[in-house]
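Below is one structure, written out as C-alpha cells; comments come after it.
The values are calculated or read from the model by the stated rules, or taken from the named source; none is laboratory data. None of the values given here were measured: they were computed from a predicted structure. Every residue, glycine as well, gets a Cβ built from its backbone with ideal geometry; the counts of neighbours run over all protein chains shown. Just so you know, the surface numbers come from the protein's heavy atoms only, side chains and all, with ligands and any DNA or RNA stripped out. Shrake-Rupley method; radii C 1.70, N 1.55, O 1.52, S 1.80 Å.
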Amino acid sequence: MRGRYIVALAVLTAGAFICPAAGSRPRLDSWAQNARGRYLVIVGDCAACHTTEWGEPFAGDKPVPTPFGTVYSANITPDEETGIGAWTDAEFLRAMRHGISADGSRLYPAFPYPWFTRVTREDLLAIRAYLDTLEPVHSVERENELAWPMSWRFLVSGWNLLYLDSGAFEPDPELTAEQNRGAYLVQGPGHCGACHTPKSWMGGPQRDQAYAGNALQNWFAAKLDGDETSGLGAWSEQDIVEYLRTGSNGFAFAGGLMQEVVEKSTSRMRQSDLEAIAAYLKTLPPGEDTGGDGDDTAVAAAEQFPEGHRVYVDNCIGCHGYEGEGLPDVFPPLDGRATVLSPNATSLIHAVLRGISEASTEARPTRIRMPGFAWKLSDEQVAAVVNYVRNAWGNHASTVDASAVAEIREATSAG
Amino acid sequence: MVKHRSADVVLVGFGQSASLLAQELTETGLEVLALERGGPRRTSEEFAIPWVQDELRFAIRNELFEQPHRTTVSFRHNARQRSLPMRHLGSFNPGTGVGGAAVHWNGQHWRFLPHDFELRSRTVEQYGAGFIPDDMTIQDWGVTYAELEPWYDKFDYICGVSGQAGNLRGEIQAGGNPFEGPRSRPYPLPPLKRDLLSTMFDRAAIEVGDHPFPGPASNTSKPYKNAYGVQMGACTYCGFCEWHGCGNYSKASPQTTILPVLLEKPNFACRTHAAVTRINLDSTGTRAVSVNYVDMQGEEHEQPGDLIIVSAYATHNVHLLLVSGIGRPYDPRSGKGVVGRNYAYQTVSSVDVFTHENLNPFMGAGALGQIVDDYNSGNFDHGRHGFIGGGYIASWTTGQRPIGQMVIPHDAPGWGSGWKRAAKENYLRGTSLATHGSSMAYRDAYLDLDPAYRDVYGNPLLRVTFDFHENDLKMSDFLTRQLTAIARAMKPRAYHANPVARHYSIVPYQTTHNTGGAIMGNDPETSVVNRYLQCWDVPNLFVVGASAFPQNAGYNPNGTVGALSLWAADAIRSRYLKSPGPLVQA
C-alpha cells in the first residue's frame, strides 16, 4: 500500500516540523526526531547504496562501481559488531562530515561525505536516531576491489585536502528562503552533485562546473544548469517538480540511474521540498553552451544521415513518431529534448543498445520500458540513428562514431 | 507435502478474473495470494517489441497456450462414442501464465444484451414454451443486464475500450450499435481509425439495410490512463494482437491495466508455476480449507486459505470442482446434478471476399472492424426462423498474419507454384468476413471426468461431450446468408461462403470461448453457483469466469467475464466479508 505509506509518512513528517528540535542525544523514544531522520534517509536515498536487492534494509554489502574499482557499501544498521551500533554520535558526525570511520580509517568518497558535510548537526543526529531504530543485522564485511594505489586508504586524506570543502550549509543571502531550502537539499542530503557534477581524474568534484553533467556507469547524469537545450533552461519549476514526483514530464523521463533515485527518493519527498529544489535549480545560470537549438534541419538530417534516417523509420517511429513527437504521457518525444541534446550522448547510446525503463511511481505506476536494440543494430547503425535524432527536426548536437558505441556495448555487455 | 501459512484469499489461476478480484480485494486490506500454473510475464520483457511479433513462435508453436502434454481434454460427440484425448491444441487455445488468455485475446470487448441474461423467460414470453426444443436446457442467469451495467462500465474504463456508444442511458446514438443495452457512460476512447475494409463493409451493410458500427475494441485508439492510474499507449495497428502479448501497452490485459499497481501491493503475492490439483474440504464438506498445488519440480504443496476463489479458465474451473468432489456431478441420463452441466461453445462461419481494391490487411488491430448486430439475440423476430439465438457479423481486420491468415480462393492449390501465385494475387486483396453466433445449452452437451485418460498430475482428464444441434446450425446458416448479402454488396472479384460444419470438429481452430459447466442461477438444482458466483454447497468458495455462463451468447465473452468478476468482487467486499456465509439462501 504505497498510498497509505505516503500518507503515513506525510503525517509523521508534518509532526516533525511542528515539534521542537530534539536534544543533542538521539533517544529511541524521540518520535519526532526518528520521523525526521526517516524522511532524511529517503531524501538522501541511503537505500540506493546501503540496501542490496533482496537484502535486509540498510545492511550494506552492495557493490558500488567507481572508476577505480568496486567499493562495497557499509552495514548501517545498529549491529554492534558489523554495523554502526557501537558508534558514538561524535563518531557518526565525524564520518558524515569528514569521511572518517569510527576506527579512524578513511572512508572512500564513494560514500558522499563531501555532500553530507553540508547537512546540519540536527539533521545528521536525526538520521542517526532513525538508523538506531532499525533491526540490527549481522553482516559479513567484504574487501573492496580497488586497484593500487586507491587501495591505500590513507591516500584519501590527500584527496580530502584537494576536494573536501567541509562545513555545514550556509544560506545565501541573495536567495529566498525557499531557494535556500532547495540549495540545502541539493547540496546536502540530496547530494545531487555526486552524479551531476563533473569529476576530475581523481574522481573529485569540479565545483567550478557544478551540475554541468557527468558520465558515470555508462550513463550521463544530465546537466542541471540553466542551459536552454541540454540543461533545465526550458523547464519550468513545475516541470522539475513533476519530473521528480512522477518520474516523467513532457521533456524527459527518469531512466538509467535516475530511475531508482526517483522511485526510492524524490517521488516520496514532500511537495514543498520538491518545489524548493526546483526553485533552487532554476537559479543556476546556463553553463558552457554545448548543444544548440538549430534551424529546422529535418531534410538536412535525413540527407546528412541517410542510414540513421532509415534505421529510425524501421525501428523507432512506432513509439517516438515520424517527427520525433512521441506519444503524450506515454512515450517521450525526441525533438528538442535534453537527453537527446546532451553534450554527451552516452545515455542515448546506452538506451538504444540496452533499453531503458522509466521509474514506477504512485503517479505513473506502469514502468514503461523501451526495449534494447543491441541484438539487431550494429555499432555503425546505432551511431547513425543517434546522430540522426540528435540532428533531425529542430535538434542540433555533436555527432558520435561507431567506436563510441562499441565502447558502451562492451562496457554494458552482460556476458 | 509442503504446508504453507494460510492466506486470507487464495485465487486459483492468475488471468483476467483473478487479477480483477485481487486488485479489488487487496483494497480491503486482505492478504491475497494467486496461484498460477504458468510463468510470469511482463510487457517490457516477455512481450518486448519486436520479439513478440513472431507468428511462428506464438501462433504456430503456441508459446502462450496451455501445453497438452501436461494437461488437456478428451473429446467425443456423444455418449455413444469413445472419448480420445487431444494431444495437440485444436478448436480452442486456453492460456497459461500470468494474465491467462487475456494476454493473447484480440480485444473484442463486448457486453451481452439485456435479452441474453433472461433468455429463457423472454423466449417463453415472446414465442411460448413450445418454441424451446425439448433437449435445450437454456436458463436465465439470475443476474440482469441492469445489475451488471455498473461493472461492465467499470471494466470498460479499466481496459480503455475504444468504441462508439449506441445507447446512452436509453438515448440511441448515431453511429453506435442501436441494439445494445443502455450504457451509463460513453466508451472511454473513440473508435479505432477505420481501414479500407471497414469502410467498404460499412457501405455495403447500409446498402442491404443493416446498421453497422465500429467494433468495441480493447485496443486503445489514444493514449489512456485508467482508473487504477495505469498508463496505456495508443495502438500502432501492428496486427499481432491475437495469440501474441502486446508490447505496445495498448491491448487491454492484466499486464497493461492492473498488474503495475497490483504487483506493488504488499498484501498481494503471486506464486507462478503452481498448478492447483485439488480443493480440500473440511470433514463437513461445506467449507473449503486449502488447495493442493504442484510446483515446477513436481513437489506437492498445500496452501490453506479462508476464502478460496477458483478463477482459472472456464474448463479448468469445472475440472477442479469435479476432481475435488465439490457439487453434484451432472448426469445426462437423469438430467440431475449440476457440475459439468450446460457446457456451450460458439457457432461461427465465414465468407471469404476477394476485392479489386488493395486492402493493406497487414495494418490491423485485434478488434478493428465494422459490425452488424441486427441478427443477434433478441434484436429480430425469431418466430418465422424457428431458432433461438443469433450472432454478430463482422469485418475484422486483425492483421492478416502471413502464415496463418493468408486468404486465397478455396479452389487454389494448397502448395507449390499454383499456391504461390494465388497468395501473391490475393494476400493484399483478400479477406475473410465472420459471423459469430451463440451456442445454446443442451441436455447431452456436458463436461465430466474421463474414465481412461489422466493428466501429468494423475488427475482424470476433463471429458468434453459436445456436438452442434439443429437450432444452432439453423441460426448460423441464417447468419451466413445475411453475411453473404453484405459480401455481394461489396462488389468483390469473388466470394466464397464457409458455413458451419454439420458436426463440430475439435480440430480446426474456431474460438477460445468455452462456457458453462459451473453455471450461475437462482436454483441450486440447476446451478453450481448463486448469482454472486458463490458455490451453493461451499459458501467460502467462489467460482468465477465463463464457466458461470448458463449458455453462450453471440458475443466474445471477455467483457462479460470482466463484469462478472467485478460483480462478484463487490459482493465479497460489501457483503460476504461482513458476514461470511451464503449470500443467497437456497
**Item:** Per-residue SASA entry for A:ASP273, accessible area with 1.4 Å probe, Å² rounded to 10
**Value:** 0 Å²
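Residues with beta-carbon under 13 Å from that of B:GLY554, excluding B:GLY554: net charge, scoring Lys, Arg +1 and Asp, Glu -1? List each step's numbers first, then the result.
Numbers: positive: B:ARG111; negative: B:ASP116, B:GLU180, B:ASP373, B:ASP374, B:ASP472.
Neighbourhood net charge equals -4.
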**Asked** Quick one: helix A:237-246 against the long Cα principal axis of chain A, what's the angle to the nearest 10°, folded into 0 to 90?
**Response** 80 degrees
**3J(HN,Hα) from dihedral phi, region A:88-96, Karplus parametrisation 6.51/-1.76/1.60, rounded to Hz, x for glycine, proline** = 7, 4, 4, 5, 4, 4, 5, 5, 5
**Prompt:** So what's the net charge close to A:ASN214: Lys and Arg +1, Asp and Glu -1, counting the other residues with Cβ under 10 Å from its Cβ?
**Reply:** +2
**Message:** Only sites in a loop by DSSP and with at most 15 other Cβ atoms within 10 Å count here; which trypsin sites (Lys or Arg not before Pro) in region B:72-161 make the cut?
**Reply:** B:ARG80, B:ARG82, B:ARG87
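Nearest-5 percent of antiparallel DSSP beta bridges in the protein assembly as shown? If you can, show how the numbers build up before the last one.
Values: 70 of 97 bridges.
So the antiparallel bridges in the protein assembly as shown amount to around 70 percent.
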**Message:** Using each residue's phi in region B:548-559, evaluate 6.51 cos²θ - 1.76 cosθ + 1.60 at θ = phi - 60° and report the 3J(HN,Hα) Karplus result to the nearest Hz, with x for Gly and Pro.
**Reply:** 7, 5, x, 7, 9, 7, x, 10, 5, x, 5, x
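GluC sites (Glu not before Pro) within region B:163-213: which are DSSP loop residues with at most 12 other Cβ atoms inside 10 Å? Show your work: numbers first, answer last.
Values: sites: B:GLU171, B:GLU180, B:GLU207; in loops: B:GLU180.
Filter output for region B:163-213: empty list.
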**Placed amide H near A:PHE220: partners under 5 Å, 5+ positions off or other chain** = A:SER347
**Request:** Tell me which residues come under 5 Å, amide H to amide H, from B:VAL289 once H is placed; ignore anything under 5 positions away on its chain.
**Result:** B:ASN280, B:LEU281, B:ASP282
**Complete:** As straight-line cross-link partners of A:LYS282, the qualifying lysines (C-alpha separation under 20 Å, not fewer than 8 residues apart within one chain) are A:LYS223
**Complete:** Partner lysines whose C-alpha sits under 16 Å from that of B:LYS193, ignoring same-chain residues fewer than 8 away, are B:LYS222, B:LYS251
**Asked** Nearest 10 degrees, 0 to 90: what angle lies between the long axis of helix A:31-43 and the longest principal axis of chain A (Cα atoms)?
**Response** 30 degrees
**Request:** Nearest 5 is fine: what % of DSSP beta bridges in chain B come out antiparallel, could you say?
**Result:** 65 percent
**Prompt:** Label 7 Å along Cα→Cβ of B:ARG203; region B:409-429 residues with amide nitrogen under 17 Å?
**Reply:** B:429
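Solvent-accessible area per residue for region B:11-81 at a 1.4 Å probe radius, Å²?
Working: 2710 Å² over 71 residues.
On a per-residue basis, region B:11-81 sits at 38 Å².
How much mean residue ellipticity at 222 nm does chain A get from its helices, if each DSSP H run of length 4 or more adds -39500 (n - 2.57) and you divide by all residues, to the nearest 500 deg cm²/dmol? Kindly include the intermediate steps, with their values, before the conclusion.
Working: 19 runs with 173 residues, N = 415.
Counting only the DSSP helices, I get -12000 deg cm²/dmol.
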**Prompt:** Computed on protein heavy atoms with a 1.4 Å probe, what is the summed buried accessible area for the chain pair B and A, in Å² to the nearest 100?
**Reply:** 1700 Å²
**Prompt:** At a 1.4 Å probe, which residues in region B:223-241 are at least 40 Å² less accessible with all protein chains present than in their chain isolated?
**Reply:** B:PRO223, B:GLN231
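Quick check for me: using +1 on Lys/Arg Cβ and -1 on Asp/Glu Cβ, what's the dipole size of the protein assembly as shown about its Cα centre, in debye to the nearest 20?
Working: 85 positive and 108 negative charges, 476 e Å.
Computed charge dipole of the protein assembly as shown: roughly 2280 debye.
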**Asked** For region B:242-303 and region B:329-403, what is the separation of their C-alpha centers, rounded to whole Å?
**Response** 30 Å
**Prompt:** Can you give the helix-only mean residue ellipticity at 222 nm for chain B, where every DSSP H stretch with n ≥ 4 adds -39500 (n - 2.57) and the sum goes over all residues, rounded to the nearest 500 deg cm²/dmol?
**Reply:** -6000 deg cm²/dmol
**Complete:** Amide H neighbours of A:GLU228 at under 5 Å, excluding residues fewer than 5 places away on the same chain, with H built from the backbone geometry, are A:GLY233
**Prompt:** What are the lysines whose alpha-carbon lies under 18 Å from the alpha-carbon of A:LYS264, with same-chain residues fewer than 8 places away excluded?
**Reply:** A:LYS62, B:LYS265
**Asked** So what's the angle, to the nearest 10 degrees on a 0 to 90 scale, between helix A:379-391 and the longest Cα principal axis of chain A?
**Response** 90 degrees
**Prompt:** Looking at region A:192-237, which chymotrypsin sites (Phe, Trp or Tyr not before Pro) are DSSP coil and have at most 16 other C-beta atoms within 10 Å of their C-beta?
**Reply:** A:TRP201
**Request:** Give me the net charge of B:LEU84's neighbourhood, meaning all other residues with Cβ under 13 Å from the Cβ of B:LEU84; Lys, Arg count +1, Asp, Glu -1.
**Result:** +3
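Could you work out what % of the accessible surface of the protein assembly as shown is carbon and sulfur, using a 1.4 angstrom probe and leaving DNA, RNA and ligands out of the count? Numbers along the way, then the final one.
Details: 21340 of 39790 Å².
On the protein assembly as shown, the fraction of accessible area on carbon and sulfur atoms equals 54 percent.
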**Request:** Please give the residues of region B:8-25, grouped as numeric ranges, whose backbone N is less than 17 Å from a label point set 7 Å along the Cα-to-Cβ vector of B:VAL289.
**Result:** B:8, B:10
**Prompt:** In nm, to one decimal, how far is the modelled label at A:ALA215 from the one at A:ALA177, with both set 7 Å along Cα→Cβ?
**Reply:** 4.5 nm
**Asked** For the pair B:VAL456 and A:ASP314, what calculated FRET efficiency results from E = 1/(1 + (r/R0)^6), where r is the Cβ-Cβ distance and R0 = 56 Å, to the nearest 0.05?
**Response** 0.80
**Complete:** A correct Karplus calculation of ³J(HN,Hα) over region B:311-319, with 6.51 cos²θ - 1.76 cosθ + 1.60, θ = phi - 60°, whole Hz and x for Gly and Pro, returns 9, 8, 5, 3, 5, 6, 4, 5, 4
